[in-house]
1. Please name whichever of Leu316, His232, Phe177 sits farthest to the positive end of the charge dipole of the chain, dipole taken about the Cα centre and charges placed at Cβ: Lys and Arg +1, Asp and Glu -1.
2. What part of the accessible area of the chain, given as a whole %, is carbon or sulfur when the probe is 1.4 angstrom?
3. Is the C-alpha gyration tensor of segment 47-329 telling us rounded, prolate or oblate? Criteria: a/c under 1.5 is rounded; beyond that, a/b larger than b/c is prolate, otherwise oblate.
4. Who wins for biggest fluctuation among Gly226, Gly320, Gly114 in a Gaussian network model of the chain, springs between alpha carbons below 10 Å?
5. Using label points projected 7 Å from each Cα along Cα→Cβ, tell me how many nm separate His167 and Arg73, to one decimal.
6. What does the net charge come to around Val56 if you take all other residues with beta carbon closer than 14 Å to its beta carbon, with K and R at +1 and D and E at -1?
7. Identify which of Arg35, Arg128, Arg61 has the largest mean-square fluctuation in a Gaussian network model of the chain, with springs joining Cα atoms closer than 10 Å.
8. Using 0.36 nm per residue, how much length does the chain from Thr34 to Ala205 gain when fully extended, once their Cα-Cα distance is taken away?
Amino acid sequence: MRISVKSTLFAIATMILAIGCRTSGANDHNKKDTRTIEADIKFDSDSAYAYVERQVAMGPRVPGTPANIECSRYILSELTRHGADSVREQKGKMTAYTGDVLPIINIMGCFNPGARKRILLLAHYDTRPWADQDINRDNHSTPIPGANDGASGVGVLLEIARQLSDHTPPIGVDMLFVDAEDYGQASGFYNHDESWCLGTQYWAAHMPYAQDSLPSYAILLDMVGGIDAKFHREYFSVQEAPNVVDKVWGIAARSGYGHRFPNIDGGAIVDDHIFVNKAGIPAINIVESKNDVTKSFAPTWHTMDDDMNNIDRSTLKAAGQTVLNVIFNEKP
């Protein structure tokens with residue numbers, strides 16, 4: 001994923017115009033219900049960490065490589081092992097901006113398939129083919145390990161799947177693991193938004209839902225394992241699905257993770273949720289986009305330092321427990 005420069009400038013202008021006359025939706029949400037959530041179902045950060053570690057051990061999961069195929073099979077097997085229904089692969093091809101024709105393997109599984117109300121959780125499992133942000137220019141053509149940018153979101157979802165195998169959720173939960181998110185073009189003065197999230201674009205064009213059976217909303221988890229990460233309210237999420245942002249950030253605060261989910265605007269991020277929103281499903285992004293040091297992504301973003309040394313169990317816990325609490329606080 002990448003920061004959208006054009007959209008960020010627009011967002012800043014919009015915020016300046018609105019300042020003084022806008023009340024934060026998250027504050028409104030928290031005022032409605034400030035009861036503390038004591039989770040009956042505990043997200044296991046050690047288990048999530050092990051899922052992240054297992055993926056990183058495969059090597060970089062660049063689309064079309066043996067490690068990418070191994071990872072897709074691993075996700076399929078874990079969803080099946082945890083009792084997901086209708087586990088399926090979606091295979092196709094997309095042409096990257098480089099001209100490379102990429103084989104796409106998206107994976108879906110659903111829990112509680114008979115429930116009328118459903119939500120969609122998603123993460124990308126591929127990794128960037130180039131460490132183009134690495135301080136060492138010799139690494140710029142080397143694939144990144146992708147511990148945070150790739151494996152962390154998948155690890156959190158697989159741990160949630162493990163919990164759902166033992167605790168039937170009150171609503172239906174669909175999980176989508178997408179390929180070829182991180183093959184996009186970063187250079188140039190203009191945005192190249194369509195060059196990113198190729199797997200999600202393919203999925204949206206062949207979506208397995210009828211228009212009258214779309215999930216109520218979607219939550220994307222991306223880069224949810226960084227050290228001391230905080231998840232600000234991502235710009236496009238607030239624009240397209242403000243009520244969902246309010247819900248999730250409100251539940252995070254009630255769950256004791258308000259310091260991890262600050263009620264502050266973050267960056268405008270070109271990521272998979274953009275294309276899920278275009279497909280008609282209100283979607284938000286839980287992503288680190290306002291790091292204290294870089295003011296955007298974590299310092300390990302698209303570098304060779306995106307490895308297990310920079311994965312924080314407490315960050316995985318904050319993201320995973322919040323999403324679990326969202327699921328189990330929904331009404332059928």
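1. His232
2. For the chain, the apolar C and S fraction of the accessible surface comes to 52 percent.
3. Taking the square roots of the gyration eigenvalues as a ≥ b ≥ c, segment 47-329 is rounded.
4. Gly114
5. 3.3
6. With Lys, Arg at +1 and Asp, Glu at -1, the neighbours total -4.
7. Evaluated over the chain, the most mobile residue of the options is Arg35.
8. Full extension from Thr34 to Ala205 adds 57.6 nm.
The values are calculated or read from the model by the stated rules, or taken from the named source; none is laboratory data. Just so it is clear, the model here is predicted, and its values are computed rather than measured. FYI the Cβ positions are ideal-geometry reconstructions off the backbone, even for glycines, and counts take in every protein chain you see. With ligands, DNA and RNA removed, areas are computed over all heavy atoms of the protein, side chains included. Shrake-Rupley method; radii C 1.70, N 1.55, O 1.52, S 1.80 Å.
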